[in-house]
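Encoded as structure tokens, the structure appears first; notes follow it.
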Amino acid sequence: MNRRMKGRHRNIEVMPAPSRFLVWPIAAALALSAVACGSRADDREDARTRARLTTAAPPQPASIAAAPSADGRPRVVVLGDSLTAGLGLPIAAAYPSLLQQRLKADGLDFEVVNAGVSGDTSAGGLARLDWALQGDVRVLIVALGGNDALRGLPAEQLQRNLSEIIERAQAKGVAVILAGMEAPPNYGRDYIVAFHKVYPTLAKQYHLAFVPFLLQGVAGTEGLNQRDGIHPTAEGARIVADNVWAVLKPIAEAEASSPRGRPGS
């Protein structure tokens, strides 16, 4: 680990993981089961997709500028999938946009970059990491794994991909926040347990600020999810923003007050 990073944000590093496994509420689990069954065709393409990502330019959301911010603001990048991209919502209602509003309201002058790509697995996020870290990135929120779970991809593969994302970001001096995800019941208890353990294990190993479950308070709750039962409504996205903001706020404050965060530094 980067020696300089090891001691940063020590007072806010790791939120304790829950004592019991966070299991999807049954309504969300059934919806995820249906989506997972519908994604079997995607599974057949998975190896070819990963191979293509090693040679082709990674997908880039149209809302994201790869170049440094025109006004020179430091960045908070949210690297995720459709939950981050705000599938089914106006971009202003996606939780990264809500985080931008909260930073501004608190006088924290950061640009939030929504680096969410619908359908992305942890391998896809890793493939476009260099692009996502362009510019003056101070904080990286890693919110990946939902599509790994839907496809039943090995938990060991998820852990390797997330580890590389974290290590490469920390090597650049970027503070990393890890957002946890849970697996649906399709693949059995052993898979659910192995998948769940990936996130608190990485949070402890790399001394990360940690959101134990990105969809806490939203998953399986009628009225907070769209008709697919997976993607939050605008109201659900506000709760997701609450979950992330509780962890992001103290880190953003620390970054803003650090020597490199002050104007002219």
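In the stretch 126-174, the residue that is least open to solvent (accessible area, probe 1.4 Å) out of those that are within 30 Å of P259 (Cα to Cα) and of a type in the set (D, E) is D136. Residues that are within 27 Å of D109 (Cα to Cα), of a type in the set (F, W, Y) and open to solvent by 10 Å² or more (accessible area, probe 1.4 Å) do occur in the stretch 239-254.
Do we find a residue being closer than 15 Å to V198 by Cα and among the hydrophobic types (A, V, I, L, M, F, W, C) anywhere in the stretch 128-142? Taking every residue of the stretch 128-142 in turn, at least one turns out to be closer than 15 Å to V198 by Cα and among the hydrophobic types (A, V, I, L, M, F, W, C).
Number of residues in the stretch 207-218 that are open to solvent by less than 10 Å² (accessible area, probe 1.4 Å) and in a loop (DSSP other than H, G, I, E, B): the value is 4. If we scan the stretch 219-235, do we find a residue that is open to solvent by 20 Å² or more (accessible area, probe 1.4 Å) and assigned to a helix (DSSP H, G or I)? Yes, the stretch 219-235 has at least one match. Selection of the stretch 82-96 for residues being in a loop (DSSP other than H, G, I, E, B), buried (at least 19 other Cβ atoms within 10 Å of the Cβ) and of a type in the set (A, V, I, L, M, F, W, C) yields only A94.
Would you confirm whether or not the stretch 94-101 contains a residue that is out of contact with any helix residue (DSSP H, G or I) (no Cβ under 8 Å at 6 or more places or on another chain), closer than 17 Å to V176 by Cβ and at pLDDT 95 or above?
The initial filter retains those residues of the stretch 94-101 that are out of contact with any helix residue (DSSP H, G or I) (no Cβ under 8 Å at 6 or more places or on another chain), namely 100-101.
Add one more test, that the residue is closer than 17 Å to V176 by Cβ, and what stays is none.
No, there is no match, as no residue in the stretch 94-101 is out of contact with any helix residue (DSSP H, G or I) (no Cβ under 8 Å at 6 or more places or on another chain), closer than 17 Å to V176 by Cβ and at pLDDT 95 or above.
Based on what the data block shows, is Y191 open to solvent by less than 20 Å² (accessible area, probe 1.4 Å) and assigned to a helix (DSSP H, G or I)? Here the answer is no, as Y191 does not meet what is asked. Restricting attention to the stretch 175-188, the residues that are part of a loop (DSSP other than H, G, I, E, B) and surrounded by 19 or more Cβ atoms within 10 Å (Cβ to Cβ) total 5.
A115 meets all of the listed conditions (1) open to solvent by 20 Å² or more (accessible area, probe 1.4 Å); (2) under 20 Å from P74 (Cα atoms) but one, namely (1).
The values are calculated or read from the model by the stated rules, or taken from the named source; none is laboratory data. Bear in mind that the values here come from a model prediction, so they are computed numbers and not experimental data. Every residue, glycine as well, gets a Cβ built from its backbone with ideal geometry; the counts of neighbours run over all protein chains shown. All accessible areas refer to the heavy atoms of the entire protein, side chains included, with ligands and DNA or RNA removed. Shrake-Rupley method; radii C 1.70, N 1.55, O 1.52, S 1.80 Å.
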